[in-house]
1. Can you go through Ala252, Ala240 and tell me which one is part of a strand (DSSP E or B), in the same structural domain as Ile218 (by TED's automatic domain parsing), among the small types (Gly, Ala, Ser) and modelled with pLDDT of 90 or more?
2. So, Thr151, is that one closer than 14 Å to Leu134 by Cβ and modelled with pLDDT of 85 or more or not?
3. Go through the stretch 187-235 and report how many residues are in a strand (DSSP E or B), closer than 30 Å to Ser158 by Cβ and at pLDDT below 95.
4. Pairs, please: C-beta under 9 Å, at least 6 apart or cross-chain, first residue in the same structural domain as Asn101 (by TED's automatic domain parsing) and in the stretch 55-80, second in a helix (DSSP H, G or I) and among the hydroxyl-bearing types (Ser, Thr, Tyr)?
5. Of all residues in the stretch 114-139, which are more than 17 Å from Ala155 (Cα to Cα) and surrounded by fewer than 15 Cβ atoms within 10 Å (Cβ to Cβ)?
6. For the stretch 33-118, please list each of the strands (runs of 3 or more DSSP E) lying entirely inside it that holds at least 2 residues being modelled with pLDDT of 80 or more, of a type in the set (Val, Ile, Thr) and within 25 Å of Ala187 (Cα to Cα).
7. Hey, among Thr124, Thr142, Thr132, which residue is assigned to a loop (DSSP other than H, G, I, E, B) and closer than 27 Å to Asp61 by Cα?
Amino acid sequence: MKTSRKSLTLILAMVAMLLVAAMPARADRVKDLAQVAAVRTNQLIGYGVVVGLQGTGDGSDITFTIQSIKSVLNRMGVSVDSPLSDFETAVTGGAKLDLKNAAAVMVTAELPAFAKPGQRIDVTVSAMGKATNLRGGTLLLTAMRGVDGETYAIAQGSLTATGIDAAAAGSKVAIGVPTAGRIPDGATVERMVETPFDRSAEVVFNVHRKDFTTTNAIVSAINQRFGGDMARAIDGISLAVRAPMDITQRVAFMSLIENLDVRPGEPPARVVVNARTGTVVISNNVRVSAAAVSHGTISVAIAATNEVSQPNAFAGGQTAAVQNATVEVQEPNKPMFLFQPGVDLRSIVDAVNQVGASPSSLIAILEALKTAGSLRAELVVI
């Protein structure tokens, strides 16, 4: 019975080893590594007016807000530029427009690729005057234009502002940004952006990150799957693929390509340092040549004690306060650690952890290694 159990365990171990050996190497889909050059978003921008605010608008000090409201009212047949009659002047006191419940805003949006007229997209609304809160406001009809000046969408709707700004009795609480909000599905697409996707003989893919190895791997995978010279590399970031001219066949062909599994190239050795937060990210390919590192800090502690000097009763002196200071200098004995030639990421982390280096100390060590020429990686400080 014991022998059979040992045999079963041995068999299971051998099967597990075979399964591990049979597992394919790490691969990513083409759609995660590259994108079609013609398939891109387009930025839209517009100028509009938000109304319905609770006294948090621009007020009467912003000239362009008043001009915008007058323009909207004039288009609706309401004349606000005509002189007031004697009766209206007596009733209103000749007051000017006071737009505390309105605000001038900039409206931005991203028009997705292949967006068709009638589809809805999200818009972002941001105050550009003295408005302090857009919560509860409604955006009036706003034209969304592209970089060519043409109108591609029309926006209107109620804002969703998550920011809070409250003040009372000298206290103020601010959470988020109340002067910006979003309108989900707030714009209707009115015009389609022309793309060469359905007309060009070749479809161009752009790799997300410049890498000759990844580009070559994608080209090889496409040619291996469909045969011949279906794909060709243009440079280290782009490749062209011959595609059917029939749009239905082209879409099906693109679906097959973007789901191909490709083993991308290893990223370059890079160390990213965020000096503000003390975050350090080290990629897997970082190597260090032979180097000896010693890191330590000198701390100076000054302690002050206050004492009272009481003279002898028959000496005729006066009581006085005396301050005594003690200065102590400490220099911890930090051990020196040695990097052997070609050490990998694990060795670097282990060596730094052994000396108990803080994130700021680790940043200083990495910068010193880069200056000394021992760090075989790109050091990026953000």
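The values are calculated or read from the model by the stated rules, or taken from the named source; none is laboratory data. Everything numeric here is computed off the predicted structure, so don't read it as measured data. Cβ placement follows ideal geometry from the backbone for every residue including glycine, while neighbour counts extend to all protein chains displayed.
1. Step by step, each of Ala252, Ala240 is checked, and only Ala240 is part of a strand (DSSP E or B), in the same structural domain as Ile218 (by TED's automatic domain parsing), among the small types (Gly, Ala, Ser) and modelled with pLDDT of 90 or more.
2. So Thr151 does not fit the description; no.
3. Here the count works out to 0.
4. From the stretch 55-80, the pairs are Gly57/Thr65; Asp58/Thr65; Gly59/Thr65.
5. Phe114
6. 42-51, 102-111
7. Among Thr124, Thr142, Thr132, only Thr132 is assigned to a loop (DSSP other than H, G, I, E, B) and closer than 27 Å to Asp61 by Cα.
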